[in-house]
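The values are calculated or read from the model by the stated rules, or taken from the named source; none is laboratory data. Everything numeric in this text was worked out from a predicted model, so none of it was measured. Cβ placement follows ideal geometry from the backbone for every residue including glycine, while neighbour counts extend to all protein chains displayed. Protein only, heavy atoms only, side chains kept; ligands, DNA and RNA dropped before computing areas. Shrake-Rupley method; radii C 1.70, N 1.55, O 1.52, S 1.80 Å.
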Amino acid sequence: MKADIVIENISQLVTMEGPDRPRIKEEMKNIGLIENGIVAIAGDKIIFVGEGKIPSYIEIGKETIIIDGAGKTVTPGLVDPHTHLVHGGSRENELAMKLNGMKYLDILKAGGGILSTVKATQNASFEELYKKAEKSLNTMLEFGITTVEAKSGYGLNTETELKQLRVAKELNEKHPVDIVSTFMGAHAVPKEYKDNPEKFVEIIINDMIPKVAEERLAEFCDVFCEEGVFTVDQTRRILNAAREHGMLPKVHADEIEPLGGAELAAEVEAVSADHLVAASEAGMKMMAEKGVIADLLPATSFNLASGKFADARKMIELGVPVALSTDYNPGSSPTENLQLAMYFASLILRMTPEEVFTAVTINSACSLRKEKAIGSIRKGKKADIIIFDSPNINYIIYHFGINHVDMVVKNGKIVVEKGRKKGAF
Ligand code: NIG
Ligand code: FE
């Protein structure tokens, strides 16, 4: 078999070898590390992974691109399983409010926050939303993200929710980064339904969900289950309706107040419960029993500046599989830099670099139900590979705030070189 790309002499090759399922407890420390590693790619697939020299049955031709991995760390493409990629406008106006001590939920209550992005998204054209999200996707790719989840939820009416999801769909078709869509019509209660939120829940269930399903615009459904936003009971009803239409449940759970979101996520057997800063230990135990993935978002906690962070150590100890995301959005986490979230996960959530890499590869792939195709470097899997200009994984975490990516191979093609995107897409 002829190789199109060979990466050899790799100082640290992180394969994430092991079963295609969420890794828990001590498993999160086993990243399948190979020193002096080698990877060969043909077409869009990995054809060989090993140590030392390439075996003779792999043909090297004149066109084969040989990359020297000396002094480099090579990992599976990073998977970001929680973002609000497609939206209009920005919210730097909230910075002064935040510095003056105004709380995130109070800004929302006053009609700002998510609701101000809703206005900007409703007013933006398809092309404007597309261009803005494309720019973010390029940044994400340069930071090593090869698959990203994108939620709707800044439309809050059927037409704009569909518009957001159609933008994500077209970007998925045209941009190298793979996008997995989530319908999140239950992201906030629009002003018009402030006094009758049940009416809005009805619209989500009876109008939005069937239309999203009919156009096959989303694989998942998510709800912001939070004090003053959607109750546990409303979340349950929305997620059950979505499941009936083929969308798997995810929950923004216990981000700020301990509402019982983790417990609900276990009850409805959600694929993931995200945030979990205020989650109870009982809720975490229930999640562990049901195998619900905890998708933690430390960049959000950092940026909300409340000083509170998810208890990752407790979750890992209890056997909850942990994934990590940027939560990229214009309010609580305006950053595409997953490496920064990885740094916070290590230094603040006390996750080891091995646990962090497990969380952004195989566990995050599981959180999008894509673990059969991505999340590890194994023969037959998709050739989504990152070459970091760093001699080892500890260095990537330790030297924080910068982009360590040297090269990105996406679907077997080199799309980032020297940390910059290559060509027009
Ligand atoms: O995950 N908490 C709800 N949703 C987002 C924030 C959205 C926004 O502020 O625009 C989150 O933090
Ligand atoms: Fe979010």
* Structure fact -> Under the 7 Å Cα-to-Cβ spin-label approximation, Lys119 and Tyr398 lie apart by a distance in nanometres of 4.9 nm
* In a Gaussian network model over the chain where Cα atoms closer than 10 Å are linked, find which of Ser152, Ser306, Ser333 has the largest mean-square fluctuation. => Ser306
* Asked: Taking the Cα atoms only, what angle lies between the long axis of helix 281-290 and the longest principal axis of the chain, rounded to 10 degrees?
  -> 60 degrees
* Structure fact -> Rounded to the nearest 10, the angle in degrees between the Cα long axis of helix 338-347 and the longest principal axis of the Cα atoms of the chain comes to 90 degrees
* Structure fact -> Taking placed amide H atoms and a strict 5 Å upper bound, the residues 5 or more places from His82 or on another chain that come that close are Glu149, Thr326, Asp327
* **Accessible carbon and sulfur surface of the range 1-149 relative to its total accessible area, %, 1.4 Å** => 54 percent
* **J(HN,Hα) series, the range 150-165, from Karplus relation 6.51 cos²θ - 1.76 cosθ + 1.60, nearest Hz, glycine and proline x** => 9, 9, 7, x, 10, x, 6, 9, 4, 4, 6, 4, 5, 4, 4, 5
* Asked: Mind ordering 52-63, 1-12, 241-252 by average Cβ neighbours within 10 Å, highest first?
  -> 241-252, 1-12, 52-63
* **Local net charge near His404, Cβ-Cβ under 14 Å (Lys/Arg +1, Asp/Glu -1)** => 0
* To do: For Phe126 and Tyr57, calculate 0.36 nm times their separation in residues minus their Cα-Cα distance, and state this gained length in nm to one decimal.
  => 19.9 nm
* Anisotropy class of the range 1-148 from Cα gyration tensor, a/c 1.5 cut -> prolate
* Between beta-carbons, use under 11 Å as the cut-off and find the net charge around Leu105, counting Lys and Arg +1, Asp and Glu -1. => -3
* What does the highest-first list of 175-186, 285-296 look like by mean Cβ count within 10 Å? -> 175-186, 285-296
* May I ask you to compute the full-extension gain from Lys422 to Glu257, defined as 0.36 nm times their residue separation minus their alpha-carbon distance, rounded to one decimal in nm? => 55.0 nm
* Structure fact -> With Val416 itself left out, Lys, Arg at +1 and Asp, Glu at -1 over residues whose Cβ is under 14 Å from its Cβ give +1
* What's the long-distance tail for the chain, i.e. % of Cα pairs beyond 34 Å? -> 27 percent
* Under a point spin-label approximation (7 Å from Cα along Cα-to-Cβ), what is the Arg378-Asp44 distance to one decimal in nm? -> 2.0 nm
* **Estimated vicinal HN-Hα couplings, Hz - the range 397-405 in sequence order (Karplus 6.51, -1.76, 1.60; Gly, Pro = x)** => 6, 5, 8, 8, x, 10, 9, 8, 6
* Per residue accessible area of the chain, 1.4 Å probe, in Å² -> 39 Å²
* Dipole magnitude of the chain about its Cα centre (Cβ charges: Lys, Arg +1; Asp, Glu -1), debye to nearest 20 -> 720 debye
* Enter the accessible area of Lys191 (Å², nearest 10), with the probe set to 1.4 Å and all protein chains included. => 110 Å²
* Structure fact -> Leu99 and Glu159 label points (each 7 Å along its Cα→Cβ direction) are spaced in nm at 3.9 nm
* Asked: Short version: ³J(HN,Hα) in whole Hz for each residue of the range 219-224, in order, from phi by Karplus 6.51 cos²θ - 1.76 cosθ + 1.60 (θ = phi - 60°), x for Gly and Pro, what are they?
  -> 8, 10, 10, 10, 9, 7
